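S.K.: Okay, handing you the structure first.
The values are calculated or read from the model by the stated rules, or taken from the named source; none is laboratory data. As the structure is a prediction and not an experimental result, all values here were calculated from the model. Every residue, glycine among them, receives a Cβ derived from its backbone with ideal geometry; neighbour counts consider all protein chains shown. The protein model used for the area step is the full one, side chains on, heavy atoms only, and it has no ligands, DNA or RNA in it. Shrake-Rupley method; radii C 1.70, N 1.55, O 1.52, S 1.80 Å.
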Amino acid sequence: MTEQNFQTRYYTSYSGITLPLKLVGEIAADDMANRNTFFEGSFNDQDQLCLCRKIVYGETDLEHRYDYYDNGMLKQAVIIDEDDEQITLSFDQQGNQLNA
């Protein structure tokens, strides 16, 4: 990810099976104290999801990092699970996965 300003928002879940994840059920920051599990999303200036974390009891359970082409298509997804195992997926400028 290139260095830029990000806006962080919080969600109850996600929908769909494609990447990047589609976060749903936005939660106000003031309501976060009562949540045990939630998704934290960091969005760039184009409102693209660049970092997504699933937080369970204060610990990161899953993390996705996304990078995009200038045309807005997903370029790369790095997925890190709770055991710190990492998978990197790459995509062409039309959104086709390169390393399937």
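S.K.: Looking at the range 43-60 only, could you name the residues that are without any contact (Cβ under 8 Å) to a residue 24 or more places away in the chain, assigned to a strand (DSSP E or B) and out of contact with any Phe, Trp or Tyr (no Cβ under 6 Å at 6 or more places or on another chain)?
M.R.: R53, V56, E59, T60
S.K.: Can you give me the number of residues within the range 73-100 that are open to solvent by less than 40 Å² (accessible area, probe 1.4 Å) and modelled with pLDDT under 95? Quick ask: steps written out before the conclusion?
M.R.: Looking only at the range 73-100, we keep the residues that are open to solvent by less than 40 Å² (accessible area, probe 1.4 Å), and these are 74, 77-80, 89-92, 95.
Filter once more, so that each one left must be modelled with pLDDT under 95: 95.
Within the range 73-100, residues that are open to solvent by less than 40 Å² (accessible area, probe 1.4 Å) and modelled with pLDDT under 95 number 1.
S.K.: On the basis of being closer than 20 Å to G95 by Cβ and basic (K, R), does K22 make the cut? Break it down stepwise before answering.
M.R.: Working: closer than 20 Å to G95 by Cβ: yes; basic (K, R): yes.
Yes; evaluated as a whole, the condition is true for this residue.
S.K.: Please find, among E26, E40, E63, the residue that is loosely packed, with under 15 Cβ neighbours inside 10 Å, in a strand (DSSP E or B) and free of Cβ contacts under 8 Å to residues at least 60 places away in the same chain.
M.R.: It is E26.
S.K.: Out of curiosity, is T8 open to solvent by 60 Å² or more (accessible area, probe 1.4 Å), touching a residue at least 24 places away in the same chain (Cβ under 8 Å) and assigned to a strand (DSSP E or B)?
M.R.: The answer is yes for T8.
S.K.: Examine the range 85-100 for a residue that is touching a helix residue (DSSP H, G or I) at 6+ places or on another chain (Cβ under 9 Å) and either of a type in the set (A, V, I, L, M, F, W, C) or part of a loop (DSSP other than H, G, I, E, B) (or both), and state whether such a residue exists.
M.R.: no
S.K.: Take the residues of the range 11-23 that are of a type outside the set (S, T, Y) and either assigned to a strand (DSSP E or B) or open to solvent by 40 Å² or more (accessible area, probe 1.4 Å) (or both): which is nearest to D67 (Cα to Cα)?
M.R.: Ranking the qualifying residues of the range 11-23, first place goes to L19.
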